[in-house]
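**Student:** Sending over a structure as structure tokens; questions will come in a sec.
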Amino acid sequence: MRNALAQRLRVEVEGTVQGVGFRPFVYRLARELELTGWVRNTRNGVLIEVEGDSLAVETFLQRLRADAPASASVDAMSTTLVPALDETGFSIVPCAESGQRTLVIPPDLATCEDCRRELMDHRDRRFGYPFLTCTQCGPRYSLLTAIPYERSNTTMAGFDLCPACRTEYSTESDRRFHAEPMACPTCGPHLSLWDEKGHEIAGPEDALQQARVMLDQGLIVAVKGLGGFQLWVDAKSEEAVRRLRERKRRLEKPFAVLFPSVDAIRAYCLLSSDEEALLCSPQAPIVLARKRRDAGLADAVATGNPYLGVMLPATPLHYLLMRSLGRPMVATSGNRSEEPIVTDEREALVRLKGIADALLVHDRPIARPVDDSVVLVVPGKVQSVDGEQKEKLRADVMIIRRARGYAPQAIRWTDGLANEAQGPILAVGGHLKNTVALLTGGRVVLSQHLGDLSTFEADRTFRQAVEDLQRVLDVTPRAIACDLHLDYRSTSFARELAANLSVPLVPVQHHHAHVASCMAEHKLDGEVLGIAWDGAGYGGDGQVWGGEFLIASYRQFTRFASLKPFRLLGGEAAMKDPGRSAAAVLWELMGEKMLVHDLSFWKVTDDQRAQLANLLISGVASPWTTSMGRLFDAVASLTGLCHQTSFEGQAAMAVQFAAEQEAGAGEVTVEGYPMDLLPSHSSNPQWMIDWRPMVSAILGDLRRGISPDKIALRFHVGLAEATVRLTQAVGLPRVVLTGGCFQNWLLLSLARRRLEEAGFAVYSHALVPPNDGGLSLGQAVVAAHSVSREV
């Protein structure tokens, strides 16, 4: 007999609710509360119908948010009263829905504590099995082939569950109840160890042991992980690490290091509680931690760098291998320098030939390349706590590379504005640190980090990622956003695709996209002052921008101020030779006197100085630039901190590390170098930040023998003080700090602190990188406003 107080609700849940054990959680909760109905995945998230006592239904709705699995995220929930059916039982039913798919795809999650316990339990049938998983952990995005997230839509579809696994999958009280990628040694993937020619050295029983032996011998082993191959080598062997650098053609860029445990990391690095929490989180990213002075790793791992990229095992395979090795291992992306990571073992035999001595492979296909994420904990301070004027330490997390564990989690955007846009918008990002994005229905999903589009392989991976997002989400873009730079591969592709689909192409200025990206993260509307500092971005006026103060909204921007321009000597050649930037700023400061001026501290010969002067006089292949990144390069060269670079940002990092060394752990109280605010000769920009007094003061300090560390710190402080002067001149209350230069936590902290003390609200990145990895988000939201304005 039906309870008079009974009711039936239809509950629509949106967010990260697929691939995180949400349906089994709903099932158990409904059974606990003696409710009937069903739950299923939909293209929008999860749909529930629940019936029973009204108080029990109310409790169900409350606990649906409060008690959801740790990896789940409920972004939106709506309820509708429907007729009661007076049915019995509660069930999980298959998805049988069509229509446009909401941009919700589950990310890959690190092995949970329960699975790690099983992995080491001799009594468990999955003891030592490298591919165990459950509803709370394991591969998701890296094996997903379609939405919704169900086994038939993953690369595990070819592995039929054995009777024992089928029972677990169907038992509501089991941790693997509807765990889509689950398997066991009887029915799941297996390991194999190959030599460099693809011949099997060892099968499933011995592959791990033989790989350990080879790593003990200092050999390089390519390990097929969750989202692609990694190249492993002993991090304590100088010879082995240098051999990897030579073969990979990665001369100086730091390697990440995998450790067996947090305690092992502490022996080599100084870890904060926030850093430890990130390492142990379901995302399990690479965390940039400060090295101990007496760290016993090979110097070639991260030469001259006070930080070390550290990580913990994120898969059972990694746990097993690291437990056997018991020491730190370099675990870097499985590729040659500037190429995307390899995902297929047969392709690895070709692309990793001459690098890896052996390959540890398995037969679970990888649907798409997903590299390790990289994050940095940024210390800071807030002025007001609970209404009291007192200081409290604050730590912010900055994502440097957004990939495994974070991608492709959707970023919710302002719904009303998004609904104005006519259909899905594809944004193709920039040239470096590329990501692509799709915006529809109030959400933006960013792809994983795709890398630099400078090789054929990278371009192919980029094109596959664009096709991949459209196919998995079953959408066709009705507008395409790209960078203004006509020579970017991504821009060329966008033009082709827009023409083929007969949809609008929306070019977005590089630094406007940076600012809009941070605005979208924080759901800011209206105008802000966007301070966008990076290495290079085409400005549309023939100059290379990079030190910009933009009064910006999503719809438009005004270039209020920028650095005083100087020559980008030799174009892209200046990005690898900091001496060229130094020569360019010296020429603007003193002209031809640069040839005779006392610059004995500058490690550039008279002949080199003359050659640079001739190039400056001719102006050949030397566009004007306002790049803050190149100003950092100039300071690096003048102070002797860095003269030649082998990877992007190397010179700026040298200046940052020197400033950090001088600053120590205390409060920064030194006076910054002066910079002048001058009216521009045009309205674009209206004002210029004149760095010449700063460079002149630096030259004076160098002649007096002031240390490069002190100069580097005063340089940072001077830049931070300049942000306050400009912000006060603009008068807007909200400030956005964005662009690759703000990966420099010291610069970010100094600027934020001074701006907050001056009464401004300061916003920086937390969900996407401040570098070009966040451009696609900004392009998408700018294009959405552009399209809505034209409709």
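The values are calculated or read from the model by the stated rules, or taken from the named source; none is laboratory data. Keep in mind that what you see is a predicted model, and the values were worked out from it rather than measured. Neighbour counts are summed over all protein chains in view; Cβ atoms, including those assigned to glycine, are modelled from backbone coordinates with ideal geometry. Remember, those area values only see protein heavy atoms, side chains included, never the ligands or the DNA or RNA. Shrake-Rupley method; radii C 1.70, N 1.55, O 1.52, S 1.80 Å.
**Student:** Do you know which of the residues in segment 132-162 that are of a type in the set (S, T, N, Q) and touching a Ser or Thr at 6+ places or on another chain (Cβ under 8 Å) is nearest to Leu469 (Cα to Cα)? If you could, list the steps in order and put the result at the bottom.
**Tutor:** Keep residues of segment 132-162 that are of a type in the set (S, T, N, Q), which gives 133, 135-136, 142, 145, 152-155.
Filter once more, keeping what is touching a Ser or Thr at 6+ places or on another chain (Cβ under 8 Å): 133, 136, 145, 153-155.
Working: Thr133: 25, Gln136: 24, Thr145: 10, Asn153: 14, Thr154: 15, Thr155: 16 Å.
Filtering segment 132-162 for residues that are of a type in the set (S, T, N, Q) and touching a Ser or Thr at 6+ places or on another chain (Cβ under 8 Å), the one nearest to Leu469 (Cα to Cα) comes out as Thr145.
**Student:** Mind checking which pairs have a first residue in segment 477-502 that is more than 18 Å from Val782 (Cα to Cα) and a second that is of a type outside the set (Asp, Glu) and open to solvent by less than 10 Å² (accessible area, probe 1.4 Å), Cβ under 6 Å, 6 or more apart or different chains?
**Tutor:** Arg489/Leu453; Leu497/Ile480
**Student:** Considering only segment 630-647, how many residues are at pLDDT below 95 and touching a Leu at 6+ places or on another chain (Cβ under 7 Å)?
**Tutor:** Of the residues in that region, 1 qualify.
**Student:** Moving to a separate point now. Could you grab me the full set of residues in segment 607-639 that are in contact with a Lys or Arg (Cβ under 8 Å, 6 or more places away or on another chain), open to solvent by 10 Å² or more (accessible area, probe 1.4 Å) and in a loop (DSSP other than H, G, I, E, B)?
**Tutor:** If the condition is that a residue be in contact with a Lys or Arg (Cβ under 8 Å, 6 or more places away or on another chain), open to solvent by 10 Å² or more (accessible area, probe 1.4 Å) and in a loop (DSSP other than H, G, I, E, B), then Gly619, Pro623 are the ones that fit.
**Student:** Go through segment 189-218 and give me each residue that's crowded, with 18+ Cβ neighbours inside 10 Å and outside any helix (DSSP H, G or I).
**Tutor:** Across segment 189-218, the qualifying residues are Pro189, Leu191, Ser192, Leu193, Trp194, Ala202.
**Student:** Going residue by residue through segment 166-182, is there one that turns out to be at pLDDT 95 or above and open to solvent by 50 Å² or more (accessible area, probe 1.4 Å)?
**Tutor:** Looking for residues that are at pLDDT 95 or above and open to solvent by 50 Å² or more (accessible area, probe 1.4 Å), one finds at least one in segment 166-182, hence yes.
**Student:** Name every residue in segment 536-562 that is assigned to a strand (DSSP E or B), surrounded by fewer than 24 Cβ atoms within 10 Å (Cβ to Cβ) and not aliphatic (A, V, I, L, M), in order of residue number.
**Tutor:** Tyr538, Phe557, Thr558, Phe560
**Student:** Return the residue satisfying two criteria in turn: it lies in segment 742-791 and is assigned to a helix (DSSP H, G or I) and of a type in the set (Val, Ile, Thr), and of such residues it is surrounded by the most Cβ atoms within 10 Å (Cβ to Cβ).
**Tutor:** Quick first cut of segment 742-791, residues assigned to a helix (DSSP H, G or I) only: 742-743, 745-757, 772-790.
The next check asks that each one be of a type in the set (Val, Ile, Thr); those that pass are 781-782, 787.
Numbers: Val781: 28, Val782: 30, Val787: 21.
Out of the qualifying residues, it is Val782.
**Student:** Shifting gears a bit: Do the conditions hold for Val724, that is, is it within 30 Å of Gly441 (Cβ to Cβ) and among the aliphatic types (A, V, I, L, M)?
**Tutor:** Values: within 30 Å of Gly441 (Cβ to Cβ): no; among the aliphatic types (A, V, I, L, M): yes.
It is false that Val724 is within 30 Å of Gly441 (Cβ to Cβ) and among the aliphatic types (A, V, I, L, M).
**Student:** Another one. Among the residues of segment 34-66, which ones are farther than 21 Å from Gln409 by Cβ and either of a type in the set (Asp, Glu) or in a loop (DSSP other than H, G, I, E, B) (or both)?
**Tutor:** Glu34, Leu35, Glu49, Glu51, Asp53, Glu58
**Student:** Going through segment 303-312 one residue at a time, which ones are over 21 Å from the mean Cα position of the chain (by Cα) and not in a loop (DSSP other than H, G, I, E, B)?
**Tutor:** none
**Student:** Which condition number does Ala465 fail, the rest of (1) small (Gly, Ala, Ser); (2) more than 23 Å from Tyr141 (Cα to Cα); (3) surrounded by fewer than 24 Cβ atoms within 10 Å (Cβ to Cβ) being met?
**Tutor:** The one condition Ala465 does not meet is (2).
**Student:** Also, quick follow-up: Out of (1) within 19 Å of Glu12 (Cβ to Cβ); (2) open to solvent by less than 40 Å² (accessible area, probe 1.4 Å); (3) polar (S, T, N, Q), what's the single condition that is false for Ser73?
**Tutor:** Among (1) within 19 Å of Glu12 (Cβ to Cβ); (2) open to solvent by less than 40 Å² (accessible area, probe 1.4 Å); (3) polar (S, T, N, Q), the lone unmet condition for Ser73 is (2).
**Student:** Which numbered condition in (1) in contact with a helix residue (DSSP H, G or I) (Cβ under 8 Å, 6 or more places away or on another chain); (2) open to solvent by less than 50 Å² (accessible area, probe 1.4 Å); (3) over 26 Å from Val528 (Cβ atoms) is the only one that His512 fails?
**Tutor:** (3)
**Student:** If you scan segment 249-302, which residues turn out to be in a loop (DSSP other than H, G, I, E, B), within 22 Å of Trp745 (Cα to Cα), open to solvent by 30 Å² or more (accessible area, probe 1.4 Å) and free of Cβ contacts under 8 Å to residues at least 60 places away in the same chain?
**Tutor:** Pro254, Leu271, Arg292, Arg293
**Student:** Let me ask something else about it. Tell me which residues, restricted to segment 642-691, are open to solvent by 60 Å² or more (accessible area, probe 1.4 Å) and among the β-branched types (Val, Ile, Thr).
**Tutor:** Once the filter is applied, which keeps residues that are open to solvent by 60 Å² or more (accessible area, probe 1.4 Å) and among the β-branched types (Val, Ile, Thr), segment 642-691 yields only Thr669.
**Student:** Shifting gears a bit: Quick one: count up the residues across segment 448-474 that are under 13 Å from Leu144 (Cβ atoms) and in contact with a Phe, Trp or Tyr (Cβ under 9 Å, 6 or more places away or on another chain).
**Tutor:** Here the count works out to 1.
**Student:** Just the residues that are more than 21 Å from the chain's Cα centre (by Cα), among the hydrophobic types (A, V, I, L, M, F, W, C) and within 21 Å of Ser337 (Cβ to Cβ), please, taken from segment 230-276.
**Tutor:** Trp232, Val233, Ala235, Ala240, Val241, Leu244, Leu251
**Student:** A further question on this structure: Criterion first (open to solvent by less than 40 Å² (accessible area, probe 1.4 Å), among the small types (Gly, Ala, Ser), under 28 Å from Cys137 (Cβ atoms) and modelled with pLDDT of 90 or more) does Ala56 satisfy it? Write out each step before concluding.
**Tutor:** Values: open to solvent by less than 40 Å² (accessible area, probe 1.4 Å): yes; among the small types (Gly, Ala, Ser): yes; under 28 Å from Cys137 (Cβ atoms): no; modelled with pLDDT of 90 or more: yes.
Answer is no for this residue.
**Student:** So for segment 413-432 (the condition being at pLDDT below 90, under 18 Å from the mean Cα position of the chain (by Cα), closer than 26 Å to Ala72 by Cβ and among the acidic types (Asp, Glu)), does at least one residue qualify? Working first, answer last.
**Tutor:** Step one: list which residues in segment 413-432 are at pLDDT below 90, which gives 413-423.
Still in the list and also under 18 Å from the mean Cα position of the chain (by Cα): none.
No, every residue in segment 413-432 fails to be at pLDDT below 90, under 18 Å from the mean Cα position of the chain (by Cα), closer than 26 Å to Ala72 by Cβ and among the acidic types (Asp, Glu).
**Student:** Inside segment 474-491, can you point out the residues that are outside any loop (DSSP other than H, G, I, E, B) and out of contact with any helix residue (DSSP H, G or I) (no Cβ under 8 Å at 6 or more places or on another chain)?
**Tutor:** Residues of segment 474-491 outside any loop (DSSP other than H, G, I, E, B): 479-483, 489-491.
The answer is Thr491, and nothing else.
**Student:** Next question. Consider only pairs whose beta carbons are under 9 Å apart and that are at least six residues apart or on different chains; among these, list those whose first residue lies in segment 452-473 and is within 18 Å of Glu347 (Cα to Cα) and modelled with pLDDT of 90 or more and whose second residue is open to solvent by 60 Å² or more (accessible area, probe 1.4 Å) and assigned to a helix (DSSP H, G or I).
**Tutor:** Taking only residues 6 or more apart or on different chains, the pairs are Ala458/Arg489; Asp459/Arg489; Phe462/Arg489.
**Student:** Next up: Inspect segment 347-355 for any residue being surrounded by 22 or more Cβ atoms within 10 Å (Cβ to Cβ), touching a Phe, Trp or Tyr at 6+ places or on another chain (Cβ under 6 Å), at pLDDT 95 or above and outside any loop (DSSP other than H, G, I, E, B) and give the result as yes or no.
**Tutor:** Yes, segment 347-355 contains a residue that is surrounded by 22 or more Cβ atoms within 10 Å (Cβ to Cβ), touching a Phe, Trp or Tyr at 6+ places or on another chain (Cβ under 6 Å), at pLDDT 95 or above and outside any loop (DSSP other than H, G, I, E, B).
**Student:** Against the definition (free of Cβ contacts under 8 Å to residues at least 60 places away in the same chain and farther than 29 Å from Glu339 by Cα), how does Val635 come out, yes or no? Full working, then the answer.
**Tutor:** Working: free of Cβ contacts under 8 Å to residues at least 60 places away in the same chain: no; farther than 29 Å from Glu339 by Cα: yes.
Against the criterion (free of Cβ contacts under 8 Å to residues at least 60 places away in the same chain and farther than 29 Å from Glu339 by Cα), Val635 does not qualify.
**Student:** Can you tell me which residue among Phe131, Phe159 is in a loop (DSSP other than H, G, I, E, B) and under 27 Å from the mean Cα position of the chain (by Cα)? Steps first, answer last, please.
**Tutor:** Working: Phe159 fails: under 27 Å from the mean Cα position of the chain (by Cα).
Just one listed residue meets the conditions, Phe131.
**Student:** OK, next. Output the residue which, of all residues in segment 1-37 that are among the hydrophobic types (A, V, I, L, M, F, W, C) and under 37 Å from the mean Cα position of the chain (by Cα), is nearest to Ala76 (Cα to Cα).
**Tutor:** Of all residues in segment 1-37, those among the hydrophobic types (A, V, I, L, M, F, W, C) come to 1, 4-6, 9, 11, 13, 17, 20, 22, 25-26, 29-30, 33, 35.
Filter once more, keeping what is under 37 Å from the mean Cα position of the chain (by Cα): 11, 13, 17, 20, 22, 25-26, 29.
Numbers: Val11: 10, Val13: 6, Val17: 11, Val20: 16, Phe22: 14, Phe25: 17, Val26: 16, Leu29: 19 Å.
Here the residue is Val13.
**Student:** Ok, one more. How many of the residues making up segment 85-104 are of a type in the set (Phe, Trp, Tyr) and at pLDDT below 90?
**Tutor:** So in segment 85-104, the residues of a type in the set (Phe, Trp, Tyr) come out as 90.
Next, from what is left, pick out any that are at pLDDT below 90: none.
Selection size over segment 85-104: 0.
**Student:** Of the residues Gly570, Gly591, only one is at pLDDT below 95, open to solvent by 10 Å² or more (accessible area, probe 1.4 Å) and in contact with a helix residue (DSSP H, G or I) (Cβ under 7 Å, 6 or more places away or on another chain); which?
**Tutor:** Details: Gly591 fails: in contact with a helix residue (DSSP H, G or I) (Cβ under 7 Å, 6 or more places away or on another chain).
Step by step, each of Gly570, Gly591 is checked, and only Gly570 is at pLDDT below 95, open to solvent by 10 Å² or more (accessible area, probe 1.4 Å) and in contact with a helix residue (DSSP H, G or I) (Cβ under 7 Å, 6 or more places away or on another chain).
**Student:** Within segment 707-714, is there a residue that is modelled with pLDDT of 95 or more, open to solvent by less than 10 Å² (accessible area, probe 1.4 Å), in contact with an Asp or Glu (Cβ under 9 Å, 6 or more places away or on another chain) and not in a helix (DSSP H, G or I)?
**Tutor:** No.
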